[in-house]
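The values are calculated or read from the model by the stated rules, or taken from the named source; none is laboratory data. Just so we're clear, the structure is a prediction, and the values are computed from it rather than from any experiment. Quick reminder, even Gly has a Cβ in these numbers, built from the backbone with ideal geometry, and neighbours come from all protein chains shown. The area values use the complete protein model at the heavy-atom level, side chains included, leaving out ligands, DNA and RNA. Shrake-Rupley method; radii C 1.70, N 1.55, O 1.52, S 1.80 Å.
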Amino acid sequence: MNRVLIVLVVLCLSANSFAQGKYTVQKSDMSFTSNAELELIKASSTEIQGIIDPATNQFAFSIPITSFKGFNSDLQRQHFNENYMESSKYPKASFTGKIIEQVNYSRDSVYTVRAKGELDIHGQKQTRIIKAKLSVNKNQLLIDADFNVPLADHNISIPRIVSQKIATEIDIKFRATLVH
């Protein structure tokens with residue numbers, strides 16, 4: 001996706017002035033699970049911002065890293081933000097791209113789609129294809145996707161001393177309701 005489109009999407013998101021027909025996030029929940037040998041870590045956020053343009057099938061989603069809550073302890077959350085995600089240096093994660101399959105946004109239906117784009121976490125972009133269920137229901141889109149993120153793909157290193165407490169691949173659950 002070219003940089004001009006990304007800048008345009010960001011400007012639209014911050015101004016809340018969307019062109020008619022585009023869908024924007026109304027409600028969201030993204031959670032992650034690290035299921036390592038010695039520890040289970042879970043956290044979630046409801047602060048996803050995003051847009052889908054049905055005319056082009058293009059999308060952009062972003063989430064503030066510090067918005068994740070639900071860790072086992074405050075210290076665990078602090079380590080997540082400071083040591084692993086370096087959220088002061090990389091404050092957001094994003095996924096921008098295009099839905100591969102054609103979707104009839106004017107007809108209520110459920111679609112299994114693939115979203116292809118750039119997943120940017122920890123300043124490292126990876127081209128990904130993520131499968132999702134996309135439900136068109138009146139003037140709403142419901143998105144449901146489960147996928148994995150290998151930490152190595154995003155240059156997130158785990159010190160050997162805690163390697164049995166943090167999984168090398170993180171499970172992600174993404175749910176969002178978008179409206180026009």
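Note on Glu86 and Phe71: their simple-model spin labels are 1.7 nm apart, each label 7 Å out from Cα toward Cβ. When Lys and Arg each count +1 and Asp and Glu each count -1, what net charge do the other residues less than 15 Å away from Asn72, Cβ to Cβ, add up to? Counting the neighbours of Asn72, the net charge comes to +2. Shape index of the stretch 50-180: Rg/Rh, with Rg the Cα radius of gyration and Rh the Kirkwood radius from the inverse mean 1/r over Cα pairs, equals 1.02. Full extension of the chain between Val110 and Asp171 gives 19.6 nm of extra length, using 0.36 nm per residue less the Cα-Cα distance.
Taking only the alpha-carbon positions of the stretch 40-126 and ignoring solvent, what does the Debye formula give for the base-10 log of I(q)/I(0) at q = 0.10, 0.26 Å⁻¹? So the normalised log intensities are -0.35, -1.25.
All other residues whose Cβ lies under 9 angstrom from that of Asn148 are scored, Lys and Arg at +1 and Asp and Glu at -1, for a net of -3. With a cut-off of 17 Å, note down the residues of the stretch 62-82 whose backbone N falls inside the zone around a label point 7 Å from the Cα of Asn155 toward its beta carbon. Only 82 fall inside the zone, counting backbone N under 17 Å.
With +1 on the Cβ of every Lys and Arg and -1 on the Cβ of every Asp and Glu, and nothing else charged, how large is the dipole of the chain about its Cα centre, in debye rounded to the nearest 20?
Once rounded to the nearest 20, the dipole reads 380 debye.
Compared with the direct C-alpha span, the chain from Asp29 to Asn148 gains 41.2 nm at full extension, assuming 0.36 nm per residue.
Based on protein heavy atoms only, the chain ends up with 58 Å² per residue of surface accessible to a 1.4 Å probe.
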